[in-house]
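One structure is given here, and the rest of the page talks about it.
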Amino acid sequence: SFLSQAGSSNPEASKPLWNGIWKLKVPNKVKHFMWWASNESLPTKFNLCARHVLPNNSCGLCEEFPKDVIHCLWLCDHVKCIWLSDQTFHYPRTRNFRCFGDLVSFVLSELPSGTAALFSMVAWCIWTRRNKLRERQPVWDVGETMKRARELLQEFNDVQDIPTRSAIPRVEARWKPPGAGLFKINFDGAVFE
């Protein structure tokens, strides 16, 4: 996979992964999230414990495994049901991945681009939901996560598909002094939808 070939001294090895993420048709915040997640840079309990910010690295939902990125977004029992609720993601579930970056590389190379975009949006929704739960904020039901991700992706795609209006041709106008007893007023305006 792309990520397993990458090393800190070889940034070229992770270039296909980054290019694949950047080409996704999702909001930029989701692209950045996917990059951080693929590089194991999210503030998971595992990462915070490694930096001596938290004393415990176990998952706050299942209380069993270290809460690293692949666990938070793919392996936790509270997350598996989200991925299994959609037939689209059954194929990747048959595989084992060393880290989330390997999973993302697999999704980008083996699944259609629309499915990869949905995968990214679902992962982002899962992360957002986990953070809201941690902060004791209102959150949608686990069963609604896939539906919410699809709605957000559709909303994004709808906005992207708005046809651009053709430019209004400019007429060359030259200033002339007003006639006797008249005043000229200049103004500028713009029209937005």
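Looking across region 110-127, just one residue is farther than 14 Å from LYS31 by Cβ and among the small types (Gly, Ala, Ser), and that is GLY114. For region 35-56, does any single residue satisfy the condition of being modelled with pLDDT of 85 or more, of a type in the set (A, V, I, L, M, F, W, C) and either open to solvent by 50 Å² or more (accessible area, probe 1.4 Å) or assigned to a helix (DSSP H, G or I) (or both)? Yes: region 35-56 contains one or more residues that are modelled with pLDDT of 85 or more, of a type in the set (A, V, I, L, M, F, W, C) and either open to solvent by 50 Å² or more (accessible area, probe 1.4 Å) or assigned to a helix (DSSP H, G or I) (or both).
Scanning region 136-163 for residues that are among the aliphatic types (A, V, I, L, M), outside any helix (DSSP H, G or I) and touching a helix residue (DSSP H, G or I) at 6+ places or on another chain (Cβ under 8 Å) yields a single hit, VAL139.
Within region 20-34, the set of residues being part of a helix (DSSP H, G or I) and farther than 11 Å from TRP124 by Cα comprises GLY20, ILE21, TRP22, ASN28. Counting only helices (runs of 4 or more DSSP H) wholly contained in region 86-135, the ones carrying 3 or more residues that are under 14 Å from LEU17 (Cα atoms) occupy 100-110, 113-134. Checking the stated criteria, GLY114 turns out to be farther than 22 Å from SER14 by Cβ, at pLDDT 85 or above and surrounded by fewer than 16 Cβ atoms within 10 Å (Cβ to Cβ).
Scanning region 81-111 for residues that are open to solvent by 10 Å² or more (accessible area, probe 1.4 Å), among the β-branched types (Val, Ile, Thr) and either touching a residue at least 60 places away in the same chain (Cβ under 8 Å) or within 19 Å of ARG148 (Cα to Cα) (or both) yields a single hit, THR88. Beta carbons closer than 6 Å, at least 6 apart along the sequence or on distinct chains, pair a first residue in region 117-141 that is modelled with pLDDT of 85 or more with a second that is of a type in the set (D, E, K, R) for ALA117/LYS25; CYS125/ARG148.
The values are calculated or read from the model by the stated rules, or taken from the named source; none is laboratory data. Everything quoted here is computed from the prediction, not taken from an experiment. When we count neighbours, we look across all protein chains shown, and the Cβ atoms used for this are built from the backbone with ideal geometry, even at glycine. Note: accessible area is taken over every heavy atom of the protein model, side chains too, but ligands, DNA and RNA are not part of it. Shrake-Rupley method; radii C 1.70, N 1.55, O 1.52, S 1.80 Å.
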